[in-house]
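We did not get these values from a lab; they are worked out from the coordinates using the rules stated. Since this is a predicted model, take the numbers as computed values, not measurements. Cβ atoms come from the backbone with ideal geometry, glycine included; neighbour counts cover every protein chain shown.
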Amino acid sequence: MSEFKRVAESDHELDFADEFDDSDEDLSGDVQQFAKQRFRLLIIVSVGVSLSAILVTLLYVLSKVSFLAPGEKVGGGTKNTVVNDIPKLGLVLSPTPSASEILRDNLPHLIYGTAWKKNSTKALVETAVINGFRIIDTANQPKHYNEEGTGDGWTSAAEILGLKRNDFFLQTKFSPLRDQDSKNVPYNKSESLPDMIYQSAHGSLLNLQTDYLDALMLHSPYKKFDDTLTAWRAMESLVDDGIVLQIGISNCYKFETFSKLYEMARIKPQILQNHLKTINFDPQFLQFTRDHPGMQYQAFCTLTSNKHHLQKKEIRELASRKGLSTQLYMYGFLLSLGITPLDGSKTHQVEDLEFLRKLRGGEIKIFENEEEINEMAELLEMKLP
Ligand SMILES: NC(=O)c1ccc[n+]([C@@H]2O[C@H](COP(=O)([O-])OP(=O)(O)OC[C@H]3O[C@@H](n4cnc5c(N)ncnc54)[C@H](OP(=O)(O)O)[C@@H]3O)[C@@H](O)[C@H]2O)c1
């Protein structure tokens, strides 16, 4: 046995050294060969280790980001998706249906409300869209809404997510002069009512950075029905011009006024947006919207104006039986009735949207039958049609 083989044996490298066993070459040739073999082995091992490391890193990254939907929990957290994370990840897929799919398929949804958000409007609307809201409510009423911020918010989120204008439904309002801050009226207050409406709607187009509005609402009817009708005619002409696709009315609580307007309208209202305090709820409006397919009943202050009811022990128990908070149970209740709540959430966006996803996917069924709906309505002291 050569000297080399003894060295090799002592190093437990016999298998490799065997190659040299019957060699007639001298020891220095053996050593050279062995050095070459070791070098090759080293290369093979290094390449193997590097490939494994790359593979493990790739699998880890994919498991963390590739199938995350916007707003999905990251690392078990429940906070809203951090806006700045989205462009960085760049791999986020959106399973969220577009506004037209939501409305066409009558999917349960919430409308993102932008009132009272002031300078945070842009950031909150951007986050809302990234988290999955597609229908957005605003008004050309600087006293309560920052319509420009809403425009900046949806456009910025659309750019991040690669969405187009027609993935959204943007609804805004013409607010009569008496509801405006006299020092900040977004139209010329000495113009005729129709001209105020045209100016307001064109201002909304600029603020929202769009060339059409999915819906324009009269923020509240006038005391005189004739003025309401004049306003309506001006809104109809905006539909004729193709600037507005749908028109609606808000804060209309006299059923007589509403049904008269509906009757006289050449272009019928498609949205009724009202305050929802359950004890004052007038079921005639809901019955009317149910009887007129294509009409939507939207409700605001659904959580804030009914807080005292939602604290009731019975409602807390009903909600917890479904594994829900009373607020989500309330949203589910209204959706079951055919009422679409507005939701201006700042900190519960992800929670509210996850709830909607589960509702759409059938993971949650709020009510098994009519009796359960009636039980909740009774607890809320709300008359149903
Ligand atoms: N047509 C009109 O005259 C009129 C009048 C008022 C409002 N609006 C529209 O309606 C929108 C909504 O307004 P709103 O008055 O209904 O109320 P809101 O501004 O949406 O306030 C709802 C409150 O409920 C909380 N919330 C949301 N989801 C929750 C959850 N899952 N659990 C616990 N709390 C939850 C929110 O808290 P966080 O913020 O912490 O999430 C917020 O404090 C407005 O932004 C506006 O667009 C229209």
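Using all pairs of distinct alpha-carbon atoms, the Kirkwood hydrodynamic radius of the range 132-234 works out to 14.2 angstrom. Measuring between their Cα centroids, the range 327-368 and the range 264-298 lie 20 Å from each other. Neighbours of His202, meaning other residues whose beta-carbon lies under 11 angstrom from its beta-carbon, give a summed charge of -3 when Lys and Arg score +1 and Asp and Glu score -1. Across q = 0.23 Å⁻¹, the range 293-371 modelled as identical point scatterers on its alpha-carbon atoms has Debye log10 I(q)/I(0) values of -1.30, in the order of the q list.
The ellipsoid that matches the Cα gyration tensor of the range 95-379 has semi-axes, each √(5λ) in whole angstrom, of 30, 23, 17, with the longest given first. For the range 237-385, the Cα gyration tensor yields ellipsoid semi-axes of 29, 18, 14 Å (square root of five times each eigenvalue, largest first, whole Å).
Each peptide in 165-173, 240-248 receives the mean, over its residues, of other Cβ atoms within 10 Å, and ordering these scores from highest gives 165-173, 240-248. Using a cutoff of 8 angstrom between alpha carbon atoms and counting only pairs six or more residues apart, the relative contact order for the range 118-172 works out to 48 percent. Placing one equal scatterer on every Cα of the range 226-278 and applying the Debye formula, the log10 ratio I(q)/I(0) at q = 0.28, 0.32 Å⁻¹ is -1.19, -1.40.
Using Cα pairs closer than 8 Å and at least 6 residues apart in sequence, work out the relative contact order for the range 161-229, in percent.
Result for the range 161-229 is 45 percent.
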